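**Q** Here it is, the structure in full.
The values are calculated or read from the model by the stated rules, or taken from the named source; none is laboratory data. As the structure is a computational prediction, the values presented were derived from the model and not from experiment. All Cβ positions, even for glycine, are placed from backbone atoms using ideal geometry, and neighbour counts span all protein chains on display.
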Amino acid sequence: MSEPTADTREYLKPSGVAEPSQPYTHAIRVGKTVYLSGQVPIDANGDVVGPGDPTRQAEQCWRNVELCLAAAGATLADIVKVVCFFSDIRHVKYEIEVRRRLFPSGRYPAVSLIEAAKVGSTKDNILMEIDVTAVLP
């Protein structure tokens, strides 16, 4: 991948992530910054993973984040900001457990946690959505 300039936008289609059901792009790289659309617990086939299970849903959201970042040449270590939306704020603890496993060095990105009545997509049983911004070195 050639080094994009600060004003070059790359609209990425990550492998292993379901095609969006709405008009958006999963990942856009602008220079060294990568912007992801909120990732929900939907697998590559478009099926909801772990209905009612916030741990499994957090794992799938983060799996999708990793795949989107990889398409931009980035990793979890490049994340600087995370915004998590929850249908029930009590699910935060499950996402935090998963995030602790993914960032074992303790170098955590900045995070905002928000409860929203309906998150994710038009599909039912979505408990959370994870949106990140990453900056490549």
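**Q** Answer yes or no as to whether GLY46 is within 18 Å of LEU127 (Cβ to Cβ), at pLDDT below 95 and of a type outside the set (A, V, I, L, M, F, W, C).
**A** On the way: within 18 Å of LEU127 (Cβ to Cβ): yes; at pLDDT below 95: yes; of a type outside the set (A, V, I, L, M, F, W, C): yes.
Yes, satisfied.
**Q** Checking the structure you have, find out if any residue of segment 82-89 is surrounded by 15 or more Cβ atoms within 10 Å (Cβ to Cβ), charged (D, E, K, R), over 12 Å from LEU36 (Cα atoms) and out of contact with any Ser or Thr (no Cβ under 7 Å at 6 or more places or on another chain). Before the answer, list the steps.
**A** Taking segment 82-89 first, the residues surrounded by 15 or more Cβ atoms within 10 Å (Cβ to Cβ) are 82-87.
Now drop any that are not charged (D, E, K, R), which leaves none.
Looking for residues that are surrounded by 15 or more Cβ atoms within 10 Å (Cβ to Cβ), charged (D, E, K, R), over 12 Å from LEU36 (Cα atoms) and out of contact with any Ser or Thr (no Cβ under 7 Å at 6 or more places or on another chain), one finds none in segment 82-89, hence no.
**Q** If you don't mind, another one. Counting just the residues of segment 27-55 that are outside any strand (DSSP E or B) and closer than 15 Å to VAL80 by Cβ, which one comes out nearest to the chain's Cα centre (by Cα)? Don't jump to the end; show me each part of the working.
**A** So in segment 27-55, the residues outside any strand (DSSP E or B) come out as 31-32, 37-38, 40-41, 43-47, 49-55.
When the remaining residues are screened for being closer than 15 Å to VAL80 by Cβ, the result is 31-32.
Details: GLY31: 19, LYS32: 18 Å.
Checked segment 27-55; the qualifying residue nearest to the chain's Cα centre (by Cα) is LYS32.
**Q** Now for a separate question. Got at least one residue in segment 93-101 being surrounded by 15 or more Cβ atoms within 10 Å (Cβ to Cβ), more than 20 Å from THR133 (Cα to Cα), over 14 Å from the mean Cα position of the chain (by Cα) and at pLDDT 95 or above?
**A** yes
**Q** Still on this structure, I have one more. Within segment 93-127, can you find the residues that are of a type in the set (A, V, I, L, M), under 26 Å from GLN22 (Cα atoms) and out of contact with any Cys (no Cβ under 6 Å at 6 or more places or on another chain)?
**A** VAL111, ILE114, ALA116, ALA117, VAL119, ILE126, LEU127
**Q** Looking at the structure I just gave you, is ALA58 within 13 Å of the chain's Cα centre (by Cα), part of a loop (DSSP other than H, G, I, E, B), under 24 Å from ARG107 (Cβ atoms) and among the hydrophobic types (A, V, I, L, M, F, W, C)?
**A** Numbers: within 13 Å of the chain's Cα centre (by Cα): yes; part of a loop (DSSP other than H, G, I, E, B): no; under 24 Å from ARG107 (Cβ atoms): yes; among the hydrophobic types (A, V, I, L, M, F, W, C): yes.
For ALA58, the condition - within 13 Å of the chain's Cα centre (by Cα), part of a loop (DSSP other than H, G, I, E, B), under 24 Å from ARG107 (Cβ atoms) and among the hydrophobic types (A, V, I, L, M, F, W, C) - is not met.
**Q** So ASP131 passes all but one of these: (1) touching a residue at least 60 places away in the same chain (Cβ under 8 Å); (2) surrounded by 14 or more Cβ atoms within 10 Å (Cβ to Cβ); (3) out of contact with any Gly (no Cβ under 8 Å at 6 or more places or on another chain); (4) not aliphatic (A, V, I, L, M). Which condition number does it fail?
**A** (3)
**Q** Is it true that ALA58 is aliphatic (A, V, I, L, M) and under 22 Å from LYS118 (Cα atoms)?
**A** Details: aliphatic (A, V, I, L, M): yes; under 22 Å from LYS118 (Cα atoms): yes.
Yes; evaluated as a whole, the condition is true for this residue.
**Q** Any residue that is under 26 Å from VAL135 (Cβ atoms) and not small (Gly, Ala, Ser) - is there at least one of those in segment 51-59?
**A** Checking segment 51-59: at least one residue is under 26 Å from VAL135 (Cβ atoms) and not small (Gly, Ala, Ser).
**Q** Here is a follow-up. Looking at VAL80, VAL119, which is the one that is closer than 24 Å to ASP7 by Cα and not in a helix (DSSP H, G or I)?
**A** Result of the check over VAL80, VAL119: VAL80.
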